[in-house]
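Structure first, then comments.
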Amino acid sequence: MRNIVVLSGSSHPALVDQICARLGISPGQVKLSKFANKETNVEIGDSVRNKDVFIIQSGCGAVNDNLMELLIMLAACKTASARRITAVIPCFPYARQPDAPYKKNGMPLSRVPPNIFFGYTGASTPFSLPVTPAGTPLQTPSLDRIDRKNPFDKMFDSTNESNSDIESAATSPTLPPAGGASGIAPAISSLRIEGEVTKPRLLAPRGIRPQALSQPSHLLLPTTNGNPSAMNPQNFVTSDQVNPHKGGYKHWVARSGTLIANLLVTAGADHIITMDLHDPQFQGFFDIPVDNLYGQPLMVKYIRDKIPNWEDAVVVSPDAGGAKRATVIADKLGMEFALIHKERRQIQAPHKSDMMLVGDVKDKVCILVDDIADTSFTITKAAKVLQQNGAQKIYAIITHAIMSGDAITRIQNSCIDQVIVSNSIPQEEHLAGCPKMKVFNVAPIFAEAIRRIHNGESVSMLFDVMDLI
């Protein structure tokens, strides 16, 4: 192959060697080091002028350092007048966007501790309430009758009605006697009775502008009044504490997809090659071509060659998000399909199981299929559900096995008989610590993708037929 340079990052040099051996070329000369202050230094030894450059860097290990190293290599090749620069990222970093916080062991939190954020409401409330001193009812005037752009404001401006009764009623804990000075009593739909906290709703009398209602004193932000301890967070209550039976709190999560895409494009990437993006819509963040290769063909090949009696096995998805991935394999092999559904945890019943099986696995071999395993909490708990439902033997096939923390120990102690992972991430340490783990090679599919893209050929066959590789 002519006018092609394959450069290796520091994340997975063994995979680069396998890809280059399949292409019949040698990896490009590049020196990667760090200064004393841990800044990344990149020196490219081969000429890349007017050549097709492929930089292979997986998002694993020290993810932030590897990402910065990839960006610097892209910028260096762009400055050196490379004809086209393709970033080959087997495991794409920052592709996961969790919707809920997690514990240190990987288990999703059923509820955020109430003292972390002050003054915020649940996910079902579109606006936030100010913090309220402890012992004070949490009240909000209703916005149902307030029209911010009332076309009849001019009519209200001409009224000479006094608002003193309304203001006194809004700040008073009891109803004023019927027929005040103006002869009009505002309606208050609910009160604080015997310690019960409810939300009063103030209805403006006819002829009175709603904007003229003064804010009740209990809705004002608390002041210190010279007492520093008055602003202690422990003295405040949130709406979650007042009404603990409503929907759970949801974190505001910074979405980094657009940022990562812009960084790669700005650094000089003209093309992206990756495999099994956790969220396929991540491709939409780029305005350059993105080839998201699939690991299912390699999984199908492994099942046919390595798993005995696979015709009678059941393909199982550990969650609803991976159902489509698992059904592709089941349809390709003509196997049965099952799904493990994650139930929403209820605060009223914390003992209730949060995973249930949809399908029949009794006395059958089960093959769990997932795209990524970080803490391995989901995959091991899914295997336990299968065992409880009478599964005979359990396999797990995973594309990206990150295995953070004590994930290897958790898998070793689980009821999974064998875990098959790809080498998109270095697995040498994991193999030494877990005899259950086996590896299938993704180097052939990436080598073929690089060859076809370099020669201007179609890569559509890589999504289906693997016998040609």
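The table below lists the values:
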quantity	calculated
Nonlocal amide H pairs with Ile420, under 5 Å, H built at 1.01 Å	Ala396, Ile397, Ile398, Lys438
Simple label model, 7 Å out from Cα along Cβ direction - Arg255 to Ser26, nm	4.7 nm
Loop-located trypsin sites (Lys or Arg not before Pro) in the stretch 270-344 whose Cβ has at most 12 other Cβ within 10 Å (DSSP)	Arg344
Residue-by-residue Karplus 3J(HN,Hα) for the stretch 389-400, coefficients 6.51, -1.76, 1.60, Hz, glycine and proline x	9, x, 5, 7, 8, 10, 10, 9, 10, 10, 6, 10
Estimated FRET transfer efficiency (Glu311, Ala75; beta-carbon r; R0 45 Å; 0.05)	0.30
Amide proton proximity set for Val314, modelled H, under 5 Å, gap of 5+	Val365, Cys366, Ile367
Projected label distance in nm at Ser47 and Ala62, using a 7 Å step from Cα toward the beta-carbon	3.3 nm
Extended-chain gain in nm, criterion 0.36 nm per residue less alpha-carbon gap, Gln283 and Asn413	43.1 nm
Order of exposure, largest accessible area first, which applies to Ile372, Ile450 with probe 1.4 Å	Ile372, Ile450
Additional length obtainable on full extension of the chain from Asn37 to Val439, 0.36 nm per residue less Cα span	141.1 nm
Spin-label pair Val358/Arg83, simplified geometry with 7 Å Cα→Cβ offset, distance in nm	5.0 nm
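The values are calculated or read from the model by the stated rules, or taken from the named source; none is laboratory data. All values reported here derive from a predicted model rather than from experimental measurement. Ideal geometry is used to build each Cβ from the backbone, glycine not excepted, and the neighbour counts take in all protein chains shown. These accessible areas exclude ligands, DNA and RNA; they are computed on the full protein's heavy atoms, side chains included. Shrake-Rupley method; radii C 1.70, N 1.55, O 1.52, S 1.80 Å.
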